[in-house]
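In what follows, a structure is listed as structure tokens, so that the remarks can point back to it.
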Amino acid sequence: MKLMINGVWRGDAQPTPELEAQRMIHTGGFRDQVTSDGSSGYPAEAGRYHLYVSYACPFSHRVILVHALKRLESVVGMSVVHPIWNTPDGWVFADTSQSTVDGAGNGFRALHEAYQVSRADYTGKVTVPVLWDKQARRIVNNESFDIAMMLNRAFDGVGGDVSVDLAPAPLRSELDELNQRISRCLAVGVYTVAGARNQAEYTTAMDELFDCLDGLEVRLGDGRPFLLGDQPTIADVLAFPPLARFDAVYNPLFRASRKRLADYPNLSALTKRFHALPDVAQTLRYDDILTHYYDGDWAIATRRGIVPELPAAMAVLDYRYG
């Protein structure tokens, strides 16, 4: 297990039950906010902030999406870590076809250096995405939803596309509820399936994941193009990364085998429709995704004794169900 303990990077920490229980949950340890009026101490300024991201990570992908949809390329810089995470240094920067050097001017070779500089006694996982303040030389926030929401509105006065609002005020109540469900049951839900410690946990996690997918499929059954109507919202941003990875990674590798995205016509159409939005296609990089999952720790079968569920389309052929 890779994490920092009291500011010291450990690429070989022993997976105690406490650490093991948390290793797949992406939670932020830095939760400061950039605001348009500067009341938070972090005023929105063009060129001051920088993103450290991975095209492979679905949580990072949601931030890359908002960055693209709001056309913030000239306002907030972005550097990309290499998709292979199972190195001694974890997430690393490099000048390759799948990554970049640290473009924020710090000269970091590995992402854990940004965490150590920001908090000398930091203990926890080193995750992407990261919103970095070049002026203060510290991490502002490393929680993907927080960063996505900041990018959606805080930078409108300094170059963000004001015609795009992914969290319209009239929809906020319904949006908040839907965002929580997608984050818990889908975005994290696939990792809960993958991390199940026994058959009972696997079955429970599968039921919650596919109940969520079934519900989203029904929601789109009234002909609405996006999850909350005619325009894309942050809910679609949260749903797109796991949906886009589902048939390539989660169904075969994570044993989320009950159905494929292809078995959900409405969700498949939503995924294609969202992918067709301006600048979205360039954010989906399957070379990074497949490299990350199939040439890394995820490719190692760590849970024996868990039998994948028979795909629903094949269950009718099983004598027990015939």
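The values are calculated or read from the model by the stated rules, or taken from the named source; none is laboratory data. All of these numbers come straight from a predicted model, not from anything done at the bench. As a convention, Cβ positions derive from the backbone with ideal geometry for all residues, glycine included, and neighbour counts pool all protein chains shown.
Output the residues belonging to region 249-259 that are aliphatic (A, V, I, L, M) and either within 16 Å of the chain's Cα centre (by Cα) or crowded, with 21+ Cβ neighbours inside 10 Å (or both). Outline the logic, then answer.
Here is the first cut: in region 249-259, the ones aliphatic (A, V, I, L, M) are 249, 253, 256.
The answer is Val249, Ala256.
Annotation: Leu171 fulfils all but one of (1) touching a residue at least 24 places away in the same chain (Cβ under 8 Å); (2) under 16 Å from the mean Cα position of the chain (by Cα); (3) under 27 Å from Pro265 (Cα atoms); the unmet one is (2). Restricting attention to region 179-206, the residues that are buried (at least 21 other Cβ atoms within 10 Å of the Cβ) and either more than 19 Å from Phe254 (Cβ to Cβ) or among the basic types (Lys, Arg) (or both) total 1. Determine, yes or no, whether Pro242 is of a type outside the set (Lys, Arg) and assigned to a loop (DSSP other than H, G, I, E, B). Considered against the rule, which asks whether it is of a type outside the set (Lys, Arg) and assigned to a loop (DSSP other than H, G, I, E, B), Pro242 comes out as no.
Name the residue, out of Asp161, Asp146, Asp207, Asp176, that is at pLDDT 95 or above and outside any helix (DSSP H, G or I). Steps first, please.
Details: Asp146 fails: outside any helix (DSSP H, G or I); Asp207 fails: outside any helix (DSSP H, G or I); Asp176 fails: outside any helix (DSSP H, G or I).
Step by step, each of Asp161, Asp146, Asp207, Asp176 is checked, and only Asp161 is at pLDDT 95 or above and outside any helix (DSSP H, G or I).
Which one of these is modelled with pLDDT of 95 or more and within 24 Å of Ala46 (Cα to Cα): Val76, Val92?
On the way: Val92 fails: within 24 Å of Ala46 (Cα to Cα).
That would be Val76, the only listed residue that is modelled with pLDDT of 95 or more and within 24 Å of Ala46 (Cα to Cα).
The residue of region 271-317 that is modelled with the lowest pLDDT, among those that are under 17 Å from Phe254 (Cα atoms) and of a type in the set (S, T, N, Q), is Thr302.
crowded, with 21+ Cβ neighbours inside 10 Å, under 18 Å from the mean Cα position of the chain (by Cα) and closer than 21 Å to Asp32 by Cα: which single residue out of Ala239, Ala235, Ala148 fits that description? Write out each step before concluding.
On the way: Ala239 fails: closer than 21 Å to Asp32 by Cα; Ala235 fails: closer than 21 Å to Asp32 by Cα.
Just one listed residue meets the conditions, Ala148.
Look at region 114-129: where a residue is acidic (Asp, Glu) and a partner is surrounded by fewer than 23 Cβ atoms within 10 Å (Cβ to Cβ), sitting 6+ places away or on another chain with Cβ atoms under 9 Å, you get Asp121/Asn6; Asp121/Gly7.
Yes/no matrix, rows are residues, columns are (1) of a type in the set (Ser, Thr, Tyr); (2) over 21 Å from His292 (Cβ atoms); (3) touching a residue at least 12 places away in the same chain (Cβ under 8 Å):
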{"position": "Met206", "(1), (2), (3)": "no, yes, yes"}
{"position": "Asp211", "(1), (2), (3)": "no, yes, yes"}
{"position": "Leu220", "(1), (2), (3)": "no, yes, yes"}
{"position": "Thr233", "(1), (2), (3)": "yes, yes, yes"}
{"position": "Ala239", "(1), (2), (3)": "no, no, yes"}
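Here Val128 clears all of (1) surrounded by 21 or more Cβ atoms within 10 Å (Cβ to Cβ); (2) outside any loop (DSSP other than H, G, I, E, B); (3) β-branched (Val, Ile, Thr) except the condition numbered (2). Going through region 41-65 one residue at a time, which ones are of a type in the set (A, V, I, L, M, F, W, C) and surrounded by fewer than 23 Cβ atoms within 10 Å (Cβ to Cβ)? Of everything in region 41-65, just one residue is of a type in the set (A, V, I, L, M, F, W, C) and surrounded by fewer than 23 Cβ atoms within 10 Å (Cβ to Cβ), namely Ala46.
Phe274 satisfies every condition listed in (1) under 20 Å from Tyr191 (Cβ atoms); (2) in contact (Cβ under 8 Å) with a residue 24 or more places away in the chain; (3) in contact with a Leu (Cβ under 9 Å, 6 or more places away or on another chain) except (1).
All conditions in (1) farther than 16 Å from His50 by Cα; (2) of a type in the set (A, V, I, L, M); (3) out of contact with any His (no Cβ under 9 Å at 6 or more places or on another chain) hold for Ala136, with the sole exception of (1). The residue list Arg224, Arg184 contains one member that is assigned to a helix (DSSP H, G or I), of a type in the set (Lys, Arg) and outside the structural domain of Asp146 (by TED's automatic domain parsing), which is Arg184. Being in contact with a His (Cβ under 7 Å, 6 or more places away or on another chain) and either within 26 Å of Val307 (Cα to Cα) or not polar (S, T, N, Q) (or both) is true for just one of Leu171, Leu175, Leu151, Leu186. Which residue is that? Residue meeting the stated conditions: Leu151.
Determine, yes or no, whether Phe108 is aromatic (Phe, Trp, Tyr), in contact (Cβ under 8 Å) with a residue 12 or more places away in the chain and part of a helix (DSSP H, G or I). Break it down stepwise before answering.
Details: aromatic (Phe, Trp, Tyr): yes; in contact (Cβ under 8 Å) with a residue 12 or more places away in the chain: yes; part of a helix (DSSP H, G or I): no.
No: the conditions fail for Phe108.
Scanning region 95-105 for residues that are of a type outside the set (D, E, K, R) and exposed (fewer than 14 other Cβ atoms within 10 Å of the Cβ) gives Thr96, Ser97, Gly105.
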